[in-house]
1. Among H217, H229, what's the order by accessible area (1.4 angstrom probe), most exposed first?
2. What's the carbon and sulfur percent of the chain's accessible surface, probe 1.4 angstrom, rounded to a whole number?
3. Rounded to two decimals, what ratio of Rg to Rh does the chain give with C-alpha atoms and a Kirkwood Rh?
4. Highest mean first, how do 91-97, 135-141 rank when packing is the count of other Cβ atoms within 10 Å averaged over residues?
5. Tell me the mean residue ellipticity at 222 nm calculated for the chain from its helices only (DSSP H runs of n ≥ 4, each -39500 (n - 2.57), averaged over every residue, nearest 500).
6. Over 26 Å between Cα atoms, which of K32/K202; K172/K202; K172/K194; K77/K194; K23/K68 qualify?
7. I need the chymotrypsin sites (Phe, Trp or Tyr not before Pro) found in the range 101-167, filtered to DSSP loop residues with at most 12 other beta carbons within 10 Å of theirs.
8. Determine the per residue accessible area of the chain with all protein chains present and a 1.4 angstrom probe, expressed in square angstrom.
Amino acid sequence: REIGNQGYFEYYSEEMGRNAGYKLEMEQYLRKALENEELLLNYQPVYAYQDGEINLVSAEVLVRWNSKELGCVGPDKFIPIAENTGLIIEIGNWIIRTACQQGAEWIANGYRAFRLAINISPRQLRQYDFINVLQGILSDTGYPAEQLCLEITEGILIEDDQYARYILNQIKELGISLAIDDFGTGYSSLSYLKHYPFDLLKIDRAFVADLDIDKSHNQLVTACILMAHGLNMKVVAEGVETADQLTFLADHSCDYYQGYYLNRPMPAQPFEALLK
Ligand code: C2E
Ligand code: CA
Ligand code: CA
Ligand code: CA
């Protein structure tokens with residue numbers, strides 16, 4: 001491999017070209033993904049300690065794309081493309097509807113109540129009729145708003161603070177709860193969050209992963225839990241991968257736990273088996 005300036009430049013632009021080409025290709029296939037039924041939903045359990053027992057209290061809905069042409073593509077790759085192209089509206093509405101249908105079926109089959117948590121990207125929130133879409137899905141499926149939570153990253157709060165407050169309050173009025181996702185990775189401070197109607201705070205898994213390594217992160221996580229409780233929010237730790245992390249979090253009054261140590265995300269059927 002050449003290391004001269006010119007050589008580097010050629011290598012770099014070729015690489016970028018390949019990337020742009022791949023993205024275009026992905027976009028093209030993504031447009032067909034819904035009608036070809038290539039998207040499916042996984043569910044990852046979230047637990048709480050209640051009376052010394054660990055109980056399932058909710059499930060995060062995570063989309064998967066099994067592309068005929070590209071194979072399995074992770075949401076980290078295709079959600080940004082769906083966002084940039086606007087495809088996220090159609091895909092996102094399908095995700096909410098499908099999850100609520102599934103949730104209503106589980107209720108009808110007599111499984112105990114738990115919450116479904118759905119990730120909502122900023123562009124979905126800016127949909128002019130988003131509230132109508134939510135209302136329509138809830139009434140069509142019969143899924144109770146009280147058992148639905150929407151996970152939102154702080155991007156939208158920074159982009160358009162006034163609109164964010166407006167739309168989040170509208171969502172709350174439907175009886176749906178709200179979580180701030182990936183907390184700690186962006187710019188928002190806890191004091192900033194008190195201006196919004198969040199019920200839950202999800203500590204990003206990067207902080208959970210660092211619990212065993214870096215003592216300063218322990219303090220950060222414990223301060224975060226205390227302050228969130230002070231603001232009347234419950235705390236979810238995501239990315240719990242070890243028993244030590246779980247113990248530490250439980251000892252410091254974290255409310256809910258999610259991660260590979262407990263369960264990986266799974267399709268509806270194995271999740272249902274877990275509910276039994
Ligand atoms: P996220 O909302 O932070 O979701 C949590 C991610 O952490 C998921 O990755 C989950 O599989 C992974 N995870 C859970 N437990 C562990 C663990 O113990 N260790 C590690 N290393 N990872 C763990 P996934 O499913 O690949 O999703 C990635 C991101 O894609 C999500 O991050 C979310 O931002 C986005 N995403 C996924 N599904 C949807 C969706 O339906 N709609 C939208 N808008 N975004 C979605
Ligand atoms: Ca999430
Ligand atoms: Ca997260
Ligand atoms: Ca994340």
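1. Details: H217 35, H229 65 Å².
Correct descending sequence by accessible area is H229, H217.
2. On the way: 7040 of 14430 Å².
Of the solvent-accessible surface of the chain, carbon and sulfur hold 49 percent.
3. Working: Rg = 20.2 Å, Rh = 20.3 Å.
Rg/Rh for the chain comes to 1.00.
4. Descending packing order for the listed peptides: 91-97, 135-141.
5. Here the helix-only value at 222 nm equals -15500 deg cm²/dmol.
6. Values: K32/K202 33 Å; K172/K202 18 Å; K172/K194 15 Å; K77/K194 32 Å; K23/K68 16 Å.
The answer is K32/K202; K77/K194.
7. Taking the range 101-167 and a limit of 12 other Cβ atoms within 10 Å, the loop chymotrypsin sites (Phe, Trp or Tyr not before Pro) found are Y128.
8. Each residue of the chain exposes 52 Å² on average to a 1.4 Å probe.
The values are calculated or read from the model by the stated rules, or taken from the named source; none is laboratory data. What you see is a predicted model; the values in this text were computed from it and never measured. Cβ atoms come from the backbone with ideal geometry, glycine included; neighbour counts cover every protein chain shown. Accessible surface is based on the protein model in full, side chains and every heavy atom, while ligands, DNA and RNA are left aside. Shrake-Rupley method; radii C 1.70, N 1.55, O 1.52, S 1.80 Å.
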